Amino acid sequence: MDKVRAAAGDRKREYRVEELAEAAGITTRTLRFYRERKLLQPPRREGRIAWYGEEHLARLRMIGELLERGHTLGGIAELIGAGESGRDVAELIGLEAAIVAPWSDETPVRLDWDELKTVFGDQLTEENTAESIAQGYITVEEDGITHVSRRLMDATTELVAEGVPLSAVLEASRRTQEHVDAIAEIFIEVVSEHLLSALAADAPLPPGAAARLTERILRVRPLARTVADAQFALAMDRRVHVEYTELLRQRRENGSEA
């Protein structure tokens, strides 16, 4: 008998239990366990033989993907139950992916101790290294370090090359991190209150709502970065003007005193 049964005409491909498990990359025991937990749709029966279709294989692959993302089987059962009561599971997965997708696109960079010594010299102290670790930017290995962001590492080395002490760069980084965390919190509050409030409600999402939310989240993400960037640039304009005016005033006073 053929391993995979294709019915006559345009009937979709069908699988026995063993064949479906192999196609999904799981054991038959796991497949039966999913079926007992009602994570899998009932098969089509032909006498004593249970036949599974492409929709069963898609469901198994979806379960595998959710498990890889850290979902529990109980949580997956809820998602599937939601889908079967009118919400599309695929839409819910897409919404989750849009919400938790990384905002940063930073590339890590690795430097050995000789490279670091060349760049930072005697500023490569235990205190500065400990501060970098505490801020979450570097991990230390036996033969060097890995920095989470090549851009930040490049900016640090260039600032030091221009004469700014590494300790001062790290202090500025620490203070900046506190402020950007606060800015991120503001955006989270806005999005949670005005876009994602429906997720906190007890009532299920209406059909298509998850897909619409996903589209809105994807549109809002770049807008948030634009607002933050524009606000920072405007703040720098204001602060530079104030500081430069003050510098000129001091120079005038010093000149008149001379």
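The values are calculated or read from the model by the stated rules, or taken from the named source; none is laboratory data. On a predicted model such as this, the values are computed, not experimentally measured, just so you know. All Cβ positions, glycine included, derive from the backbone under ideal geometry; neighbour counts span all protein chains shown. Heads up: the accessible areas ignore ligands, DNA and RNA and are worked out on the full protein's heavy atoms, side chains in. Shrake-Rupley method; radii C 1.70, N 1.55, O 1.52, S 1.80 Å.
Could you tell me the largest-minus-smallest coordinate of the C-alpha atoms of segment 76-207 on each of the three principal axes, in descending order and whole angstroms?
65, 30, 20
In nm, what is the difference between 0.36 nm times the number of residues separating LEU248 and VAL227 and their Cα-Cα distance?
Working: separation 21, 0.36 × 21 = 7.56 nm, distance 3.17 nm.
That works out to 4.4 nm of additional length.
Rg/Rh for the chain to two decimals, with Rh computed the Kirkwood way over all alpha-carbon pairs.
Rg/Rh: 1.18.
What helices does the chain hold that run 15 Å or longer along their axis, going by alpha-carbon atoms, with a Kyte-Doolittle average of 1.0 or more, using DSSP H for the helix calls?
Flagged H segments are 89-100.
Quick one: with all protein chains in place, what share of the accessible area of the chain is carbon or sulfur, to the nearest percent (1.4 Å probe)?
That fraction is 55 percent.
Using a Gaussian network model on the chain with a 10 Å cutoff between Cα atoms, which of GLU185, GLU68, GLU91 fluctuates the most?
GLU68
For the residue pair ASP122 and LEU218, what label-to-label distance in nm results when each label sits 7 Å from Cα along the Cα-to-beta-carbon direction?
The modelled label-to-label distance comes out at 5.6 nm.
First measure r as the distance between the Cβ atoms of ALA161 and ARG44, then evaluate 1/(1 + (r/R0)^6) with R0 = 51 Å and state the FRET efficiency to the nearest 0.05.
It comes out at approximately 0.15.
Please report the relative contact order for segment 48-183, taking Cα pairs under 8 Å with a sequence separation of at least 6, and give it as a percent rounded to a whole number.
19
Scan segment 111-152 for GluC sites (Glu not before Pro) in coil per DSSP, keeping those whose Cβ has at most 11 other Cβ atoms within 10 Å, and list them by number. Spell out each step's value before the answer.
On the way: sites: GLU115, GLU126, GLU127, GLU131, GLU141, GLU142; in loops: GLU142.
Listed in order of number, the matching sites are GLU142.
Tell me, what is the per residue accessible area of the chain in Å², probe radius 1.4 Å?
So the chain comes to 68 Å² accessible per residue, rounded to a whole number.
Hey, what number do you get for the chain at 222 nm if only DSSP H runs of n ≥ 4 count, each worth -39500 (n - 2.57), divided across all residues, to the nearest 500?
Mean residue ellipticity at 222 nm (helix-derived): -21000 deg cm²/dmol.
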